[in-house]
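The structure under discussion appears below in the form of structure tokens.
Please treat every number below as a calculation from the coordinates, not as lab data. Computed from a predicted structure; not experimentally measured. All Cβ positions, glycine included, derive from the backbone under ideal geometry; neighbour counts span all protein chains shown.
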Amino acid sequence: MILFLDTEFTGLDQAKPDLISIALVDEAGREFYAELPPSHYAVQCNEWVHFNVLPHLWGGDHVLSVEDTRDRITAWIAGIQDRAVIVTDCPDADFQLLRWLLPEWPGNLTPTPILFTAWSIGDDEQPKLHARMASYHTPERPAHHALHDANSLRVGVLYAIENGWTLWRD
């Protein structure tokens with residue numbers, strides 16, 4: 001099973017960014033999404049995050065404590081019957097934040113992520129792949145929202161697999 005991971009965090013320019021929100025989407029489209037409370041991250045957000053990430057957060061029932069987020073994502077992953085691998089476009093941030101959130105690593109989840117970007121299936125296909133991934137985003141599903149970005153990644157990876165990309169199976 002492939003799990004598509006995306007996070008939003010306080011800034012790429014930071015040595016140790018804090019998690020703002022996290023999303024996992026499986027191959028079939030089953031979703032997990034949570035946001036941490038603003039008290040967890042607000043003072044550390046860089047200017048770009050203030051303008052491009054925070055306005056897209058949903059709030060409400062999606063805001064969970066770190067402990068509740070940890071419990072719910074652990075239960076969500078435990079509900080997967082098969083061995084699962086994480087695919088992300090930013091393992092240095094996304095995967096490290098997932099590792100921080102899950103100090104007890106789930107037994108059905110591989111310990112190493114697969115990197116996937118719009119360049120993963122080669123230069124010739126990059127424009128098509130990029131367009132396919134970008135087409136997921138709409139005004140109602142903006143970029144820089146963890147759940148929408150994880151779904152966009154899912155669209156791209158499934159397109160790549162349909163077109164012969166097999167690196168994820170190695």
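Quick check for me: using +1 on Lys/Arg Cβ and -1 on Asp/Glu Cβ, what's the dipole size of the stretch 77-170 about its Cα centre, in debye to the nearest 20? Can you show the working numbers first?
Values: 7 positive and 12 negative charges, 40 e Å.
Result for the stretch 77-170 is approximately 200 debye, rounded to the nearest 20.
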- Message: Along the Cα→Cβ direction, 7 angstrom out, place labels at Q14 and T112. What is the inter-label distance in nm?
- Response: 2.9
- Note on the structure: Checked the stretch 103-170 with the C-alpha gyration tensor, a ≥ b ≥ c its square-rooted eigenvalues, rounded below a/c of 1.5, otherwise prolate if a/b is larger than b/c and oblate if not; verdict oblate
- Note on the structure: In nm², the average projected area of the convex hull spanned by the Cα atoms of the chain is 10.0
- Note on the structure: Per the charge dipole of the stretch 1-149 (beta-carbon charges, Lys/Arg positive, Asp/Glu negative, Cα centre), the residue among I22, A118, H40 reaching farthest to the positive end is I22
- Note on the structure: Once H62 and V85 are pulled to full extension, the length gained, defined as 0.36 nm per residue separation minus their Cα-Cα distance, is 5.8 nm
- Task: Check every DSSP H run in the chain and write down those whose alpha carbon atoms cover 20 angstrom or more along the long axis and whose mean Kyte-Doolittle hydropathy is 0.0 or greater.
- Result: 146-162
- Item | Three-way shape label, the stretch 25-68, alpha-carbon gyration tensor, a/c 1.5 | oblate
- Mind putting a number on the dipole of the chain about its Cα centre? Charges go on the C-beta only, +1 for Lys and Arg and -1 for Asp and Glu, and I need it in Debye to the nearest 20. 200
- Estimated distance in nm for a label pair at Q126 and L102, the labels positioned 7 Å out from Cα along Cα-to-Cβ: 3.1
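Out of all DSSP beta bridges in the chain, what portion is antiparallel? Express it as a percent rounded to 5.
Working: 13 of 20 bridges.
Bridges in the chain that DSSP calls antiparallel: roughly 65 percent.
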